[in-house]
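For reference, the structure is listed below as structure tokens.
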Amino acid sequence: MKDDSKLIDMALAGDRAAFGQLVHRYQDRLFASMLQVTGSADDAEDVVQDAFVRAFVKLHTFQRQSQFFTWLYRIAFNSALSRRRRKRNTVSLEHARESAGLEPIDKVEAPDASMIRDDRVQTVRSALDQLTEDHRVILVLREMQDCAYEDIAEILEISIGTVRSRLSRARAALKLVLEEILAQEESQRG
């Protein structure tokens, strides 16, 4: 298996199959990332396709100061943000879950385990939706995509210090929102 740098060189020399290997290597990972950012499988698919087209057209501008996936992720992330700003329609959590096809059911688990997990996932998604875009994005990158601080800084084009402080504020905001949601649920039961 060729490394990214070799495939990029081959693609820049006109070998479309080399770029195809890069697409094959990263399409699933990028789709999973964009699904978390967009909340919709259709939107994530469109964003990923757009990102690969843009990356192919702009491949000659890739300076190789970062990993190829980081550069590609930034392209996709910016595309997702642009798309979100244009849309500005909020999608219901149920619709997002249905279109994303998330949470497969494990046939071995207890009958109520899936329902409890679904409730927890829905609670966290609901809390994430209530955060500012800056807070939601940084939490998705760090906690769900497990990106390194350096990669987050590069993707969001901010300093590492800003990544740390924004992440700290985002975690605190998420905690408050989750506490509010759980308190509301408890009072409805009570």
In nm, the gap between the two label points placed 7 Å beyond Cα toward Cβ at LEU12 and ALA32 is 3.0 nm
For the range 34-91 the trypsin sites (Lys or Arg not before Pro) that pass both the DSSP coil test and the at-most-11 other-Cβ-within-10 Å test are ARG64, ARG88
Local electrostatic count at SER159 - Lys and Arg +1, Asp and Glu -1, tallied over other residues with Cβ under 13 Å: -1
Give me the dipole magnitude in Debye, nearest 20, for the range 131-175 about the Cα centre, with unit charges on the beta carbon: positive for Lys and Arg, negative for Asp and Glu. 360 debye
Pop the C-beta distance of ARG25 and SER187 into the FRET formula with R0 = 41 Å and round what comes out to the nearest 0.05. 0.25
Set the Förster distance to 22 Å, then compute FRET efficiency between SER66 and GLU133 from the Cβ-Cβ distance, nearest 0.05. 0.45
If Lys and Arg each add +1 and Asp and Glu each add -1, what is the summed charge of the other residues whose beta carbon sits under 9 Å from the beta carbon of ILE75? +2
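Read the figures in this text as sums done on the coordinates, not as results from a lab. Remember, it's a predicted structure, so these values are computed and weren't measured experimentally. Neighbour counts run over all protein chains shown; Cβ positions are idealised from the backbone, glycine included.
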